[in-house]
Amino acid sequence: MKKNILITGGAGFIGSHVVALFVKKYPDYHIINLDALTYAGNLENLKEIENASNYTFEKVDILDEAELTRVFHTHQVTDVIHLAAESHVDRSITDPLAFVRTNVIGTVNLLNAAKTYWKEYEKHLFYHVSTDEVYGSLDDGGFFLETTSYDPQSPYSASKASSDHFVRAYNNTYKLRIVISNCSNNYGPNQFPEKLIPLCINNIKNNKPLPVYGKGENIRDWLYVVDHARAIDVVFHSGKNGETYNIGGFNEWKNIDIVRVLCEVMDKKLGREKGESEKLITFVKDRAGHDHRYAIDASKIQKELDWEPSLQFEEGIEKTVDWYLGNETWLENVTSGNYQKYYEEHYE
Ligand code: NAD
Ligand code: DAU
C-alpha cells in the first residue's frame, strides 16, 4: 500500500539509518524527513539517498505547530515515525528545559497535528521511538521488561518518559493508533561524538584523554544502529496498536571495558603499539545521578515479531571504527564550530 511516512529526526544518528533503510527498501513509500537540523542533525548522513525520487527533506522544528500542519497537508502524511529529540543525557543536566521543549512539547505538537489531520484513525499509525532509560536504573541483576514501571532518573529520561505517556494518552483518549519501542544504547556510523563510543574513537585518533566517568563500572547494553533500524521497520509494519516493544542487544558491557576494547581495536588500525591508546584513559568526575545499569529483555520482539540483532558486537565495533577512520571529513565537520566550546565546558 502506498504510504507517505513522516520520519522526524531523520538527519540525526538513528533517524538517518531509518530513513535510508525505508527509502531503499520501500520504493512505493514516500519518505518525508522532518528535522530542525540542530547541532545533532546533519544532512551529510543522508548523501546515499538524498536524490531518491521517493525522498523529501523538510527543515522544520517540531515546536512550530503551523509548519507541522503545513507538512501534513502538503505531503498527505499517512504515518509518523517520531525520532526527533534532544538525546544527550549530559546536555539534559545543564539545560533541562530544552529537553522539555523538544521531547515533551514537540511530541505533543506532533500528536496534535496527526490527530487533527487524520480522519480515520484505524488507517494511520503514530510510532514513537523511545529509550530504555525511562525504566530507570538496574542493580546487577534483572532486566527491563515492557511491564517494568517507569522510573526515569535524569532530565533526559524524564522528558522521554513524559512523551511516552502522552503518546499512550492519545491512544487511550482519542483512539489514535500508536506503537512505542524502547531501545538500549546504539552505536555505529553517524553518531555525534559527544556519546561515549564516537567520542573515544575521535579522542584516541587525536591522542586526547578518554574521559571515563566515575570508576567506569556503569553498564550499558549496546546495539548496532542498523539492527535498531531493522527493528523499527518490523515494529512499524507488524507491531500491534497500543503495544510497547523493548529492543536491545543482549550485549552488556562496563564502560571501562568498552573503552579498553576501543583502544585495542584502534591500536591495531592506527599501527600503534599494543597498550598505547589505553594510556589515554582518564577517570573524571562522575555524571550527576549516573544510572548504574541498563539491560533489556528483548524476548517480546524476538518471539512476536521475529526480530533479533544480526551483528556480533566485535564485528559492529570494527565496522564503526572503520567508518569513523574512513570519514575524516564528516568528523572534522561535526567537530568544528560549537563542538570545541561544548567539549571544553563539559570536560575541562
Ligand atoms: P540525535 O541527537 O543523533 O538526533 C536527533 C535529531 O533530531 C537530530 O537530527 C536533530 O536535528 C533533530 N531534532 C532535535 N530537536 C528537534 C526539533 N525541535 N525539531 C525537529 N528536529 C529536531 O539522536 P539519536 O541518538 O539518533 O536518537 C533518536 C531517537 O532515538 C531519540 O528520540 C532518542 O531518544 C531515541 N533513542 C536513542 C538511543 C541512542 O542510543 N542514541 C537509544 C534509544 C532511543
Ligand atoms: O540507553 C539508551 C540511551 O543511550 C539513549 O536513550 C540516549 O539517547 C543515548 O545518549 C544513550 O545514553 P547514555 O547516557 O547511556 O549514553 P552515553 O554515550 O552518553 O554514555 C554511555 C556511558 O558512558 C554512560 O554510563 C556514561 C559514560 N560516559 C559517557 C561519556 C560521554 C563516560 O564515562 N564518559 C563520557 O565522556
Study note, to complete from the structure: Quick calc, segment 187-307, dipole around Cα centre from Cβ unit charges on Lys, Arg (+) and Asp, Glu (-), nearest 20 debye, gives 420 debye
**Study point:** Nearest-0.05 FRET efficiency for E65 and Y26, computed from C-beta distance (R0 25 Å)
**Key:** 0.30
Point to revise | Paramagnetic label zone (point 7 Å from Cα along Cα-to-C-beta, K115; backbone N under 16 Å) in segment 166-208 | key: 166-179
Study note, to complete from the structure: With +1 on the Cβ of every Lys and Arg and -1 on the Cβ of every Asp and Glu, the dipole magnitude of the chain about its Cα centre, in debye rounded to the nearest 20, is 620 debye
Review point. If you take every DSSP beta bridge whose two residues both sit in the chain, what share of them, in percent to the nearest 5, is antiparallel?
Key: 10 percent
Exercise for review: Take the alpha carbon atoms of segment 179-205, find their center, do the same for segment 133-172, and report the distance between the two centers in whole angstrom.
Suggested key: 20 Å
Revision key, fill the gap. Low-density loop GluC sites (Glu not before Pro), segment 267-336, at most 11 other Cβ within 10 Å, DSSP non-H/G/I/E/B, are E273
Revision key, fill the gap. With a 28 Å threshold on alpha-carbon distance, the violating pairs from K123/K319; K268/K300; K215/K268; K59/K254 are K123/K319; K268/K300; K59/K254
Exercise for review: Only Cα pairs under 8 Å and at least 6 apart count here; give the relative contact order of the chain as a rounded whole percent.
Suggested key: 17 percent
Review point. Hey, with R₀ at 56 Å, roughly what FRET efficiency would K2 and E273 work out to, going by the Cβ-Cβ distance, to 0.05?
Key: 0.45
Review point. Do you know the relative contact order of segment 148-281, to the nearest whole percent, from alpha carbon pairs under 8 angstrom that are 6+ apart?
Key: 29 percent
Review point. Based on DSSP H runs of at least 4 residues, each adding -39500 (n - 2.57), what is the mean residue ellipticity at 222 nm of the chain after dividing by all its residues, to the nearest 500 deg cm²/dmol?
Key: -12500 deg cm²/dmol
Revision key, fill the gap. In nanometres, the difference between 0.36 nm per residue of separation and the alpha-carbon distance of L145 and H346 is 69.0 nm
Practice item. Would you work out the charge dipole size for segment 1-107 about its Cα centre, treating the Cβ of every Lys and Arg as +1 and the Cβ of every Asp and Glu as -1, and quote it to the nearest 20 debye? Key: 340 debye
**Study point:** In sequence order, calculated HN-Hα J values of segment 139-149 (Karplus, 6.51, -1.76, 1.60; Hz; x Gly/Pro)
**Key:** 6, 6, x, x, 9, 7, 10, 5, 8, 4, 5
Check your understanding: Roughly how many nanometres apart are two label points built 7 Å out from the Cα toward the Cβ at S310 and A98?
Key -> 3.4 nm
Review point. With θ set to phi - 60° and the Karplus curve 6.51 cos²θ - 1.76 cosθ + 1.60, what are the ³J(HN,Hα) couplings of segment 6-11 in order, to the nearest whole Hz, using x for Gly and Pro?
Key: 8, 9, 8, x, x, 8
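Values in this text are rule-based calculations from the coordinates and carry no lab data. As the structure is a computational prediction, the values presented were derived from the model and not from experiment. For neighbour counting, all protein chains shown are included, and Cβ atoms are generated from backbone atoms with ideal geometry for every residue, glycine included.
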